[in-house]
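For reference, the structure discussed in these notes is given below.
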Amino acid sequence: MPLRTGSAGFGRSLPERGLLLLVVLVVLEGFFLPHGAASSPDVSHQENLDNHREADVGHNFTKKAFPVLSLDYHHIQTPFEISLWVLLASLMKLGFHLIPRLSGIVPESCLLIVVGLLVGGLIKLAGEEVPPVLDSRLFFQCLLPPIILDAGYFLPIRPFMENLGTILMFAVVGTLWNAFFIGGLLYAVCQIQPANPSDLHQLELLPCLLFASIISAVDPVAVLAVFEEIHINELLHILVFGESLLNDAVTVVLYHLFEEYAGVGTVTVMDCFLGVISFLVVALGGVLVGAIYGILSAFTSRFTSHTRVIEPLFVFVYSYMAYLSAEMFHLSGIMALIACGAVMRPYVEANISHKSHTTIKYFLKMWSSVSETLIFIFLGVATVDGPHSWNWTFVTVTVILCLVARVMGVVGLTFVINKFRIVKLTTKDQFIIAYGGLRGAIAFSLGFLLKKEHFPMREMFLTAIITVIFFTVFVQGMTIKPLVELLAVKKKQEAKRSINEEIHTQFLDHLLTGIEDICGHYGHHHWKDKLNRFNKKYVKKCLIAGERSKEPQLIAFYHKMEMKQAIELVASGGGVKLPSAMPSTVSMQNIQPKKPPIAKSAERALPQLTRGREEEIRKILRSNLQRTRQRLRSYNRHTLVVDPYEDGFNELLIKKQKMIDLEKKIKEMNNYLTVPAAPPDSPTMCRARLAQVNASVSVSAKCRHSISTAILLSGRDTDFKPAQQQKGNRICEDPQAYSMKPASGNVPSIQVDLASPQSPESVNVIDEFRRANREEDDQGLVMRPRHRPGGPNKKTEEEGDTAKDQQKLMRCLSDPGPSAEDDEDEDEPFLP
Amino acid sequence: MGALQSQSDHHEYVDLAQKTGFSFEQIGVLHKRFKQLSHDEETLRRDHFNEIPDLACNPIRAQIIGAFFDRRNYRQNSEGTVEEIDFENFLVVMSHFRPPSLHLTEEQRDNVRREKLRFLFNMHDTDNDGTITLEEYRHVVEELLSRSGALGKETAKSIADAAMLEVASISMGHMEPDEFYEGITFEHFFKLLKGFEIESKMNIHFWNMDTSTLCK
């Protein structure tokens, strides 16, 4: 409960409270863990109990008293401890985000390591044995897979594939270079130890290389943790992150190769050759295993339409099996997971329900974030625990060599890569790529796996590995954010993809393919097109159920967008607040009948609507209502039907919300339909009169309430002064409540008609519409202002206010303000 | 293969290279392709493009071919279409797809972006009136989805409408209920796709080597 209040309140006490919470937790953990770690206290408890029992037994020999309450900690020890750790990790994560400034300065990973250090220290202080938390088995089989699956499933495939060459270059050649450069120089440094004959002299080349191959791989967990926070642009993110994922194969092969031969001591050319083969087998095998499981998963999801509840499970289980299968053959498990996630995603997403998709998303995010937190805490704990052997020379040389090798590798490789890249990597990019090469827990776990008998220097290795990890995570991780800002590296665009961008992405794809075909060479786009076509023709048919298999990407995108809007509509709940994006079909429906421009403009010039026109409008409105319902139903079709009440309730909510929205829209639309015509000298301009509905709604959410207020006010206003609202009377002297924003004023093609949105219809039509539903013979949507008895709101008795004041107030309220209105890219995208 | 080109060709290329920014090798390769497409004639006609087998299944084939015969893409302030193009014009159209160089000032980048977007805009704006109207935009989307049969036809319309609404709301921000959005002007188009980074996307790799023998 204190957490709740802590997160809700913004008082000054918040940081203190958070800190207090942390301290309490750490103490708690320190208090609890001794129980778990060695369970000696609870043994003594047990003894006490036994003593007690014996005493009882002494009293009456015939029968033992039934133990009303007994303590058996052993029984639950393991799961209890696991839960405790997970709880600690989650609470830590929670705690950091309660302290606003802290998480802005220090990356979460650093703080978690510090927490780990503290916890480890407390355990040590309590005189207990530190549990081997970062055990390699635990790490590779439980902690790592969720993070990698999350990364693989949500891998941005397009940028990844576009930069695959660069990524592979960095991952394979870069890692190899790092390993051999660091290993070789390290060995050299160990040999030239001057007069001082330390143990470093005994270090041979192969252990050096093994150590270097462990330390040279960029770690996906660390990279993810840091890069998530700095919001770097997509290209750099995918380059560094992709490298960290794909270098796993290199690391695995090098590790096994050197571990194998470290005992023997010699490596022949044949072994090198076998190593290369092994690399190909490990990498491609991993991808193959992953792809097979991915396809299986996609195929399975084709048939889950009747058992929606277990859909997400298939994704997780198949992926985990892919990982385990790959590990079984010592293939690259990480690559298997990535391949599995990336392969299955498009098909699975088309098959499963929307709720299942959300479940998958949240489960993956939750698991991976808990795993990540645990890994960093464990890293801290293991640091306290581990038997260390600190060797200044070795550690310093390692850290320096790591940095130098990384920089040289990146710069050298970029030089080569830039010859083939269309978008060249700039110096800034190279710097960030080099600087983002963080090492992490995978290296530590691999080091942990080394056997003492083969590697007498294991402790020194571990110490050096930990130092490098700490250096990269703390120094580089903490400084990379300021550096990114300092260098003004391009940031990620926050705006979501708009439909126009999607259209142009598709358009460009086809255009570039076409140009490549005309040029007569088969490049990237050509093969992508071929693959797409193959995918559409054969694969999708097998793996996707029903009609969706034929859906082109653009349409799928469009449907997704519509779906999102529908959900937002529901999510926006009881308030009158509209989603910032209108469901496009609805507003278009409103616009559709005005397509033939000239004829309509003539009709529009009429001050009053004809009855036929009026009928037409009503029909549109009704069809709108139906369409909305249909759409909502089709949305509901995807949802789980476990709880009919919930669904019914939701539908009710949606309907209610929809009604409110619709009324608002109708109001606007009628306003549009019935306002006096545009100036007669510009009949041509009424082509494609879009946006009048949309645009008036697409002001930012902040102004929305004020606008609705303004409309209400205007209703009162016009009730009060009906004379002003005569037909065809364009209230030119009346400055507009919805003032045009200045930025658009200089655009020539837009005709600004100064008809007022505060004409009476804007309000009256609400009532009008309600009545229209009830009774058949009403006067329709007339221009005449109505003198209603009640009015739309209860405030009508305040009509005594002067009109001038009203208008002023109206203007103030409805003025969206400059900040909400400038049409920069960040301004209110179509899709929020 | 540029080395094999005759001397006289080379002189010609200097001119073209300056105009289009292609290297001699690239021009050589493209020239060879041009000859191959035109069956060793001096000019290319639409039929020649229609014969390219790989292009046959491109949904926007007509527009791509049209762009080659559109005068607006050769130089500014000209309009209309031509019936056949010579190598120079072929090269000029191709040069729109040349990747920008590594070091660009912000202004140059803006120019490159403007030029590439202008090419796209011209492809959409079929009647050359400076705006992409709803009909034109619908046509674009319909063409894009033309490979997906009847299903696409229906949706194409609503997609184009939604897109147009988006353009209106982005470029106009907030409009009066009775304002009319005529169509996308180039400035709006430019603004719309500002975040799209066209300069890094609308590029293809022009090889220095001759690979056309591999293609049909």
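Since every read-out is calculated from the coordinates, none of them should be taken as a lab result. Everything numeric here is computed off the predicted structure, so don't read it as measured data. Reconstructed Cβ throughout: ideal geometry from the backbone, glycine too, with neighbour counts over all protein chains shown.
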Gained length - residue A:571 relative to residue A:329, 0.36 nm times residue gap less alpha-carbon distance: 82.4 nm
Mean Cβ count within 10 Å, highest first, over the residues of peptides B:122-132, A:123-133, A:288-298: A:288-298, B:122-132, A:123-133
Cα pair distances in the range B:41-134, grouped into 10 Å bins until the bin that holds the longest one, percent each: 14, 43, 33, 10, 0
Rg ratio (alpha-carbon, reference 2.2 N^0.38 Å) - the range B:85-144: 1.37
Whole-Hz couplings from phi, Karplus 6.51/-1.76/1.60, listed for the range A:313-319; x for Gly and Pro: 4, 4, 4, 5, 5, 4, 5
Above-threshold pairs, the threshold being 19 Å between Cα atoms, out of A:361/A:537; A:492/B:194; A:419/B:201: A:361/A:537
Two-site FRET efficiency, residue A:407 against residue B:84, from Cβ-Cβ distance with R₀ of 60 Å, rounded to 0.05: 0.65
Shielding by other protein chains, B:29-37, mean Cβ within 10 Å: 2
Gain on full stretching of the segment that runs from residue A:306 to residue A:485 - 0.36 nm per residue minus C-alpha separation: 59.4 nm
Two-site label geometry, residue A:475 and residue A:90: point separation in nm, points 7 Å out along Cα→Cβ: 3.7
Shielding by other protein chains, B:54-62, mean Cβ within 10 Å: 5
Average silhouette area of the range A:170-318, convex hull of alpha-carbon atoms, in square nanometres: 13.1
Kirkwood-type radius of the range A:95-216, with distances r between different C-alpha atoms, in Å: 19.1
Förster radius 35 Å - calculated FRET efficiency between residue A:361 and residue B:115 (Cβ-Cβ, nearest 0.05): 0.30
Extension gain from residue A:535 to residue A:284, taking 0.36 nm per residue of separation minus the Cα-Cα distance: 88.3 nm
Charge context of residue A:512, other residues only, Cβ under 13 angstrom, K/R +1, D/E -1: -2
5 angstrom amide H check on residue B:132, placed H, neighbours 5+ away: B:184, B:185
Tensor-based shape of the range A:303-410 (alpha-carbon gyration tensor, a/c under 1.5 rounded, otherwise prolate or oblate): prolate
Peptides ranked, highest mean first, by Cβ atoms within 10 Å: ranges B:181-192, A:310-321: B:181-192, A:310-321
³J(HN,Hα) computed for each position of the range A:299-308 - Karplus, 6.51 cos²θ - 1.76 cosθ + 1.60, integer Hz, glycine/proline x: 5, 4, 5, 5, 10, 9, 5, 9, 10, 4
Filtered trypsin sites (Lys or Arg not before Pro), the range A:366-446: DSSP coil and at most 11 other beta carbons within 10 Å: A:419
Two-site FRET efficiency, residue A:422 against residue A:202, from Cβ-Cβ distance with R₀ of 51 Å, rounded to 0.05: 0.50
